[in-house]
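The values are calculated or read from the model by the stated rules, or taken from the named source; none is laboratory data. Predicted model only: the values in this text are computed from it and were never measured. Note that each Cβ is placed from the backbone with ideal geometry, even for glycine, and that neighbours are counted across all protein chains shown. In case anyone asks, the SASA skips ligands and DNA or RNA and just uses the protein heavy atoms, side chains included. Shrake-Rupley method; radii C 1.70, N 1.55, O 1.52, S 1.80 Å.
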Amino acid sequence: QVQLVESGGGLVQPGGSLRLSCAASGSIFSMYGMGWHRQAPGNKRELVAFITSGGRTNYTDSVKGRFTISRDNAKNTVYLQMNSLKPEDTAVYYCNAQGPSMDMSYWGRGTLVTVSS
């Protein structure tokens, strides 16, 4: 069973930075693709960034150039570095682990990021 724990959320001013962390259980972390999703009040959950087991990354257009996803397989941890934050980035951010099969998907409980006006 894969367990995920997010941390690093909080209140930040527009233009500021935060780094989210997601610690994953298990010894097969390196085989999973890892993603960050977010959900704002009244909105659907959306994919923000994804990194494959091989280290390839993908970002939604609204965060390109501002966010960076990375992973440290030795620490079983994935990160989301968020720079130049905007009020529109306010949401609960969730960590997701995607296994080799499409039905092997695991979620953390989320961490709240609030970017004030």
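Do you know the relative contact order of the chain, to the nearest whole percent, from alpha carbon pairs under 8 angstrom that are 6+ apart? So the answer I get is 36 percent.
Would you work out what percent of the accessible area of the range 1-52, with all protein chains in place, is carbon or sulfur (probe 1.4 Å)? For the range 1-52, the apolar C and S fraction of the accessible surface comes to 52 percent. Surface calculation, 1.4 Å probe, protein heavy atoms: Met102 sits at approximately 150 Å² accessible. The trypsin sites (Lys or Arg not before Pro) of the range 40-97 that meet both conditions, a loop assignment by DSSP and at most 16 other Cβ atoms within 10 Å of the site Cβ, are Lys44, Arg45, Arg56, Lys64, Arg66. Solvent-accessible surface of the chain, taken per residue with a 1.4 Å probe and all protein chains present: 54 Å². Pairwise alpha-carbon distances in the chain exceed 20 Å for 35% of all pairs.
Largest GNM mean-square fluctuation among Thr52, Thr90, Thr60, using the chain with Cα springs under 10 Å: Thr60. Ranked from largest to smallest solvent-accessible area, with a 1.4 Å probe on the protein heavy atoms, Phe50, Phe67 come out as Phe50, Phe67.
Rounded to the nearest 0.05, the FRET efficiency derived from the C-beta distance between Asn58 and Trp107 at R0 = 25 Å is 0.85.
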